1. Tell me, yes or no, whether the range 166-173 has at least one residue that is touching a residue at least 40 places away in the same chain (Cβ under 8 Å), of a type outside the set (Ser, Thr, Tyr) and out of contact with any helix residue (DSSP H, G or I) (no Cβ under 6 Å at 6 or more places or on another chain).
2. Between Arg192, Arg134, Arg176, Arg130, which is assigned to a loop (DSSP other than H, G, I, E, B), modelled with pLDDT of 95 or more and either touching a Ser or Thr at 6+ places or on another chain (Cβ under 7 Å) or of a type outside the set (Gly, Ala, Ser) (or both)?
3. Where residues in the range 2-52 are of a type in the set (Ser, Thr, Tyr) and open to solvent by 30 Å² or more (accessible area, probe 1.4 Å), which of them is nearest to Asp81 (Cα to Cα)?
4. Condition first: free of Cβ contacts under 8 Å to residues at least 60 places away in the same chain and under 30 Å from Ala203 (Cβ atoms). Now tell me which residues in the range 24-48 satisfy that.
5. Please state which one of Ser69, Ser148, Ser100 is farther than 23 Å from Tyr179 by Cβ, polar (S, T, N, Q) and either modelled with pLDDT under 95 or under 14 Å from the mean Cα position of the chain (by Cα) (or both).
6. In the range 220-245, how many residues are open to solvent by 30 Å² or more (accessible area, probe 1.4 Å), farther than 18 Å from Thr167 by Cα and assigned to a strand (DSSP E or B)?
7. Given Val229, Val242, which one is among the β-branched types (Val, Ile, Thr) and closer than 20 Å to His51 by Cα?
8. Pairs only if they're at least six apart or on different chains, beta carbon under 6 angstrom, first in the range 205-232 and touching a residue at least 40 places away in the same chain (Cβ under 8 Å) and within 22 Å of Asp146 (Cα to Cα), second open to solvent by 60 Å² or more (accessible area, probe 1.4 Å) and assigned to a loop (DSSP other than H, G, I, E, B); list them, first residue then second.
Amino acid sequence: MAQTPAPLGEWQYSAGIALRSMFQDPLPTWDGNVGIAVSGQPRYPGSSQYHIEPGPTFDLRYKDIAFLSAGEGLGVNILHDKAYRVGIALGYDVGRDQDSGRHLHGMGDISPAAEPKLFAEYVLFPVVLRGNIRRGIGGNDGWIGDLSAYMPVYGSEKFFIFAGLTTTYTDSTYQRAYYGVTPLQSRRSGYRIFTPGSGFERAGFGTNLVWYWNDHWFCTAEGAVQRLVGDAESSPLTASKVQLGLSGSIGYQF
């Protein structure tokens, strides 16, 4: 689902979309799917505790121009061709609840926030290069950028596997929101004062599997392992440097 922060790589929310124009010409005027999904992920960035979260999944696209997606948010491809697309989208950051883990006592909440995003994808077949930069409006109030590369490693008429690498860079405002400890938070929580700066937050690897039972019904499975680095790794709030993410869905293509 199009929510951050999460251990899944940013590319995993739209794997394969950039390749549609190369193998499906012309694209349908309208294309979409709906379904149900469940994900397992850390309770907050750096947590060693995990939780299961069910929810809806959906993806509606108008040609190669506009989309409304649980994976990519609400967006428009401003520039697009068979080998590339550049666009803007709106996603969201779910924030952090201090009651979501014992390590957060006294740290206060981080409110949910809208995340406007500028993104670009380029296909050097079979590799897809993707980058984005987004900003939290409220909540963490920070800038976040992702760079990733992924590719299909297996494909048939009904079954596909994608695999890729990703890394995330964040500014000091974001880092201080999720990994910092202010003097007030230090007095409330007992943690030492910690003031992180901007830098790489994480890097990791992920895979996506898609299986079509027939022309309409399909299921997906996504998995990722990411490692916190830099100040995110050094934060007193980080109980586990390694962050795992799993999700699966059943959907109907119409």
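The values are calculated or read from the model by the stated rules, or taken from the named source; none is laboratory data. This is a predicted model, so every value here is computed, not measured. Quick reminder, even Gly has a Cβ in these numbers, built from the backbone with ideal geometry, and neighbours come from all protein chains shown. Areas reflect the complete protein model, heavy atoms only, side chains present, ligands, DNA and RNA absent. Shrake-Rupley method; radii C 1.70, N 1.55, O 1.52, S 1.80 Å.
1. no
2. Arg192
3. The initial filter retains those residues of the range 2-52 that are of a type in the set (Ser, Thr, Tyr), namely 4, 13-14, 21, 29, 39, 44, 47-48, 50.
Subsequent filtering for residues that are open to solvent by 30 Å² or more (accessible area, probe 1.4 Å) retains 13, 29, 48, 50.
Working: Tyr13: 20, Thr29: 15, Ser48: 42, Tyr50: 40 Å.
Looking at the filtered set, the residue picked out is Thr29.
4. Within the range 24-48, just Arg43 meets the criteria.
5. Details: Ser148 fails: farther than 23 Å from Tyr179 by Cβ; Ser100 fails: farther than 23 Å from Tyr179 by Cβ.
None of the other options fit; the residue is Ser69.
6. So the count comes out to 1.
7. Details: Val229 fails: closer than 20 Å to His51 by Cα.
It is Val242.
8. Leu228/Lys241
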